[in-house]
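The values are calculated or read from the model by the stated rules, or taken from the named source; none is laboratory data. Here the structure is a predicted model, which means the values were calculated and not measured. Here the Cβ positions follow ideal geometry from the backbone for every residue, glycine too, while neighbour counts run over all protein chains shown. Ligands, DNA and RNA are stripped out before the accessible areas are found, and what is left, the full protein with its side chains, is counted by its heavy atoms. Shrake-Rupley method; radii C 1.70, N 1.55, O 1.52, S 1.80 Å.
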Amino acid sequence: ELMSAREATRARSAPRHKFGCLSWKGAAAAVSIGMAASLIPRTAGFVAPALMPGRLGWSVGQSSQVFGGVGLRSPLKNGHFFPALSMMADGATKAPAKGKKGGKKEESIYSKTVNLPQTGFNQRANSPKREPELQNFWKEKRVYERLYEESKGPQFVLHDGPPYANGDLHIGHALNKILKDFINRYKILQGNKVRFVPGWDCHGLPIELKVLQSLKGDAKKDLTPFKLRKKAAAFARKTVDSQRESFKRYGIWADWEEPYLTLEPAYEAAQIEAFAAMVKGGHIYRGRKPVNWSPSSRTALAEAELEYPEGHKSKSMYAAFTVTSPAEALKEHADNLKVSVWTTTPWTIPANLAVAVNEALDYVVVKHGDVKLIVAKELTATLAKKLAGEDEEEAKLEVVAEMKGKDLTGTKYKHPLYERESEIVVGGDYITTESGTGLVHTAPGHGVEDYQTGLKYGLELLSPVDDAGKFTAEAGEDLVGKSVLSDGNDAVIEMMKAAGALLKVEPYGHKYPYDWRTKKPTIFRATDQWFASVENFRSEALAAIDTVTWIPEVGKKRITPMVEGRSDWCISRQRAWGVPIPVFYHKESGDPLLTEESIEHVRAIIAEHGSDAWWSMDTAELLPPSHQAEAEDWERGRDTMDVWFDSGSSWNGVAKSWGGGQALGYPADMYLEGSDQHRGWFQSSLLTSVAAQGKAPYKTVLTHGFVLDEKGFKMSKSLGNVVDPKQVIDGGKNQKLEPAYGADVLRLWVSSVDYSGDVRVGGNIMKQVSDAYRKIRNTLRYLIGNMFDFDPAKDTVPYENLASVDKWMLGQVTKVQAEVQEAFET
């Protein structure tokens, strides 16, 4: 609905009262747009937020923008108005005087009858130059700080989820931080007291690996855990400095000089405090159980540290274990009877200690040549196809007996590779007829369900695999030293074949967990670890989810089943760069010392000296006073906490206690991150907060999607479709092909997309956004130019004296503002 210059000129020609008005809802709304940096003259008192995404597409911001000190206020809150968007002068017209030849040209008597716009607001943004100038102006005048310090309104806390300090920012970072900035600026305009404390996640394996990759030869050999920590801290701080400058260039308002870093002593102490509360509540325990283990990283992993790439294929194996002592229901078929099993991890066969069945399923004994096999009735046809010869579609399987799963229990079989017998036991509902044989090879040391079944029957936690994912001597001479993910797996298959226990080997495509950092497969392996017992407070966590507003609502549907089905959280890591689990072990008995007194003593030390103290100080100094005399009998633990526990404790280290508990608030008003954080930061924060404080750490959770390329594909360096936000702002080497759009265009792109789903970006899209930006800028230039001689003290017209068209226009403005505000709030 933009009014063209020709239409505006035509409007001026009509005789009107002194302060005529362009009856244009869009123009009035544009005046109240909360634009970013360079759209507002530097003479303005301050700038309002950038365009915010809502239901309006290119949605406009709230009113109360300041142009040259003139506040444009909502007509619903004031007794009088400024009505004029186009200012015209009435008066008699005179015939033009003829100019004198060779002299100064006489002023036309008509020259003052047309009131043309006047403004220093340039048509071209010149963003590379002007935006940094404006950002320096904000800094010099302490605009953000003063808005917080001088505000008397209610506090609003958007708690920042910490990005990882291990590389350059990508376009997803830009989307996330700019969305946060939109909300914060809108809240400032609403009169809220807003302080945004940015944060960084600074511990963990990715940073440790970066340090190790930078070292060569002797430097690696001489590297102690303490030296590694020093180098890792330096790397993290350097990365934080680099990322901080990029965020500032995006026009983000924040406490850049006082961010929170998870490596700072005060934060680490707050994390230990949250851990102590969970210990006191009985939620922390040490146990030996199978966990996701990364041979490539040599550490345990949490569920949030796993990814499941497409296209993974495992070597699946059908095998048969010879029955040595059948249950009563099988005795008449005991001759050459075997138990058929199926597994996608043949390397776990050396750890087999049972075969599990579902007691409610129907099973049959089928004859295949001279051999009899036990299989689930519904899977008989599947097994027949698997056992088919080269010239047949399926093998001939003759059913000779049928029984329930419970009738098979107690049957003993011989392990095909070792001199030991095991039994058929009852498993759980995880045993189905969707695949396999309906009889599950059970290795309690290498699977969660297997472990649970093993607990029920008192089975050993056998796990003959070391930290590197290689077989130990416990697996036998033929396997020791071989990798379970490569040659060790193949060796087991060959040994099964040699033993006459192999029925079939074939590739099987399925979801398989990979280490999200090294991009390599993981395994399940039984180790001694520290766990948070989610089962202890699962019901409280689910209840807390119901108290939170989820935007979009599907977020609640995502996190609820994740918490419902979550196993106990393995919080220990076998790495040096992290916050230590403050536990001591008795050298003789191995018993742990983890008491309220011992944890508080360590917390106080870390608050003063940082977590490096755990590696640099003597054990006697770290032990609480009650145990210092017997320091020789104790040794400190070497495990560090999962980095998700680090960031998941930020409600205690920042929202609950930042600035002496005065500046921020707990629970925070909002958490805002990508949709993948339902299994990451949203969840770890929820679990630690509920376990320690009994409530969710947030009131509202807003999630956005991922950033894809213009065709909807995931960005990848190998595909060459990565969009670098720095290049969008500053341009590339070829400025014609890769122009410098500036931060405002980047922000305008964020405001234009539907963040609730995945969003797209690319060269063509940014060009379209840039075109829209120029139109908005030119519109603002025209509007500002029309206001050049408006003086509120002299020129304001009371509402009752306005023409009907002006009253109507103000009503339209109010309607648009209400619609915009509703979009912001909902």
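How much length is gained on full extension from Lys519 to Ala360, taking 0.36 nm per residue of separation minus their Cα-Cα distance?
Contour length minus the Cα-Cα distance gives 53.3 nm.
Let me know the charge dipole size of the range 271-425 about its Cα centre in debye, to the nearest 20, where only the beta-carbon of Lys, Arg (+1) and Asp, Glu (-1) is charged.
I would put it at about 720 debye.
What pairs in Lys736/Lys775; Lys482/Lys511; Lys187/Lys210; Lys248/Lys520; Lys210/Lys726; Lys129/Lys733 have C-alpha atoms more than 28 Å from each other?
Lys187/Lys210; Lys248/Lys520
Mind checking which of Gly712, Trp569, Val745 is farthest towards the positive end of the chain's charge dipole, using Cβ charges of +1 (Lys, Arg) and -1 (Asp, Glu) about the Cα centre?
Projecting each Cα onto the dipole axis, the largest value belongs to Val745.
Run the numbers on the range 723-820 and let me know its relative contact order in percent, using alpha-carbon pairs under 8 Å that are six or more apart.
About 16 percent, as a whole number.
Taking only DSSP H segments of four or more residues, each worth -39500 (n - 2.57), what value at 222 nm results for the chain once the sum is divided by all its residues, to the nearest 500 deg cm²/dmol?
Calculated from helices alone, the mean residue ellipticity at 222 nm is -10000 deg cm²/dmol.
Under a 1.4 Å probe, what is the accessible area of the range 362-450 per residue, stated in Å²?
That works out to 48 Å² per residue.
Enumerate the calculated ³J(HN,Hα) couplings along the range 264-276 in order (Karplus 6.51 cos²θ - 1.76 cosθ + 1.60, θ = phi - 60°), each rounded to whole Hz, writing x wherever the residue is Gly or Pro.
6, x, 5, 5, 4, 5, 5, 5, 4, 5, 5, 4, 4
Using the Karplus curve 6.51 cos²θ - 1.76 cosθ + 1.60 with θ = phi - 60°, work out ³J(HN,Hα) for each residue of the range 144-153 in order, rounded to whole Hz, and write x for Gly and Pro.
In residue order, the calculated couplings are 4, 4, 5, 4, 6, 5, 8, 6, 10, x Hz.
What is the chain's relative contact order, in percent, from Cα pairs under 8 angstrom and six or more apart in sequence?
Computed value for the chain: 19 percent relative contact order.
Within 10 Å of each candidate Cβ there may be at most 15 other Cβ atoms; applying that plus a DSSP loop requirement, which trypsin sites (Lys or Arg not before Pro) in the range 556-655 survive?
Lys587
By how many nm would the segment from Glu149 to Arg237 grow when fully extended, if each residue of separation counts as 0.36 nm and the alpha-carbon distance is taken off?
Gain in length upon complete extension: 28.9 nm.
Using 0.36 nm times the number of residues separating Val480 and Arg566, minus their current alpha carbon distance, what extension gain do you get?
Result for the pair: 27.6 nm of gain on full extension.
Roughly what would the spin-label model give for Glu398 and Glu553, points 7 Å off Cα along C-beta, in nm?
If labels sit at Glu398 and Glu553, their model points lie 6.2 nm apart.
At a Förster distance of 35 Å, what's the computed FRET efficiency of Glu635 paired with Glu540, Cβ-Cβ distance as r, to 0.05?
FRET efficiency, Glu635 to Glu540: 0.50.
Relative to the longest principal axis of the C-alpha atoms of the chain, give the angle of the C-alpha long axis of helix 804-825, reported between 0 and 90° and rounded to the nearest 10°.
20
Assigning unit charges at the beta carbon (Lys, Arg +1; Asp, Glu -1) and nothing else, what dipole magnitude in debye, to the nearest 20, does the chain show about its Cα centre?
Its charge dipole is roughly 5840 debye.
Order Leu116, Leu228, most accessible first, counting only protein heavy atoms with a 1.4 angstrom probe.
Leu116, Leu228
With unit charges on the beta carbon (Lys/Arg positive, Asp/Glu negative), name the residue among Phe226, Leu261, Ser242 whose Cα is farthest towards the positive pole of the charge dipole of the range 198-290.
Checked the options; the winner is Phe226.
In the chain, with Lys and Arg counted as +1 and Asp and Glu as -1 at Cβ, which of these residues, Thr344, Tyr773, Ala620, has the Cα nearest the positive end of the dipole, that is, farthest along it?
It is Tyr773, whose Cα lies furthest towards the positive end.
Given labels modelled 7 Å from the Cα in the Cβ direction, how far is it in nm from Lys129 to Lys331?
Result: 10.0 nm between the two label points.
Please turn the phi angles of the range 767-778 into ³J(HN,Hα) values with the Karplus equation 6.51 cos²θ - 1.76 cosθ + 1.60 (θ = phi - 60°), one per residue in order, whole Hz, x for glycine and proline.
Working through the residues one at a time gives 5, 5, 5, 4, 4, 5, 4, 5, 5, 5, 4, 5 Hz.
So what's the angle, to the nearest 10 degrees on a 0 to 90 scale, between helix 743-752 and the longest Cα principal axis of the chain?
The two axes meet at around 70 degrees.
Can you tell me what share of the DSSP beta bridges in the chain is antiparallel? A percent to the nearest 5 is fine.
Taking every DSSP beta bridge with both residues in the chain, the antiparallel ones total about 75 percent.
If you fit an axis through the alpha-carbon atoms of helix 127-141 and take the longest principal axis of the Cα set of the chain, what angle between them do you get, 0 to 90°, nearest 10?
Compared with the principal axis, the helix lies near 90 degrees.
What FRET efficiency comes out for the pair Val722/Asp791, r = Cβ-Cβ distance, R0 = 56 Å, nearest 0.05?
0.60
What is the distance, in nm, between label points placed 7 Å from the Cα along the Cα-to-Cβ direction at Ala604 and at Phe137?
5.3
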